[in-house]
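Report on the structure given below.
The values are calculated or read from the model by the stated rules, or taken from the named source; none is laboratory data. Predicted model only: the values in this text are computed from it and were never measured. For neighbour counting, all protein chains shown are included, and Cβ atoms are generated from backbone atoms with ideal geometry for every residue, glycine included.
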């Protein structure tokens with residue numbers, strides 16, 4: 001039976017698009033990480049050679065301004081481990097910068113890398129299976145008591161910034177009339193969006209025609225995780 005060509009992914013087009021972004025993107029991300037670590041530009045090559053065990057001639061190819069090369073798979077894994085960066089982010093396959101997923105390492109490799117058991121704690125990764133969330137969330141701090149006690153003033157929370165409109169009822173980080181807000185958002189058919197505080201001391205706000213002429217509301221993301229810290 002002939003394969004259904006209509007359902008096949010556009011492999012050649014996808015490969016060209018990946019190649020056009022992958023190679024210079026990885027070089028640029030590497031250089032940005034080295035700059036953040038205050039590595040002088042003339043030390044980029046020896047620094048990366050020391051991290052990966054590769055000869056300087058090989059490393060130089062990764063950093064060339066004109067047609068840079070890609071690290072081999074082992075070098076890419078070592079770069080991720082040594083720089084504590086997710087290789088998927090280094091390759092440009094995910095939008096948000098993320099730490100190396102140590103919790104996914106095989107036990108023997110984890111023991112070899114951290115014989116004293118002091119591997120970096122991936123607490124977001126530990127919470128992910130329980131909460132069904134993605135690790136690449138943005139963080140913010142709650143300002144004000146409007147969402148207490150669910151989200152207390154000063155509590156850190158994490159939001160998914162891919163939600164730039166209200167697709168369903170939930171808690172959202174919003175910008176309204178120049179003010180940043182965290183609110184329960186409820187869509188009411190024929191009326192608009194109801195912005196509701198958790199704290200009953202604060203009144204609700206109904207935004208009529210929120211999907212139409214009302215341009216005073218911007219959605220920055222959907223809140224997915226809140227940290228409540230209790231001092232003992």
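Which residues, counting only those in region 169-203, are part of a loop (DSSP other than H, G, I, E, B) and at pLDDT 90 or above?
Hits for region 169-203 are 169, 197, 198, 199, 200, 201, 202, 203.
Could you please find all residues in region 153-168 being surrounded by 14 or more Cβ atoms within 10 Å (Cβ to Cβ) and within 16 Å of residue 207 (Cβ to Cβ)?
Within region 153-168, just 166 meets the criteria.
Surrounded by 15 or more Cβ atoms within 10 Å (Cβ to Cβ) and either without any contact (Cβ under 8 Å) to a residue 24 or more places away in the chain or in a loop (DSSP other than H, G, I, E, B) (or both), is that true of residue 65?
no
Given the residues 97, 54, which is the only one that is at pLDDT 90 or above, outside any helix (DSSP H, G or I) and surrounded by 13 or more Cβ atoms within 10 Å (Cβ to Cβ)?
The unique qualifying residue is 54.
Let me confirm something: among 151, 133, which residue is touching a strand residue (DSSP E or B) at 6+ places or on another chain (Cβ under 7 Å), in a loop (DSSP other than H, G, I, E, B) and at pLDDT below 90?
Step by step, each of 151, 133 is checked, and only 133 is touching a strand residue (DSSP E or B) at 6+ places or on another chain (Cβ under 7 Å), in a loop (DSSP other than H, G, I, E, B) and at pLDDT below 90.
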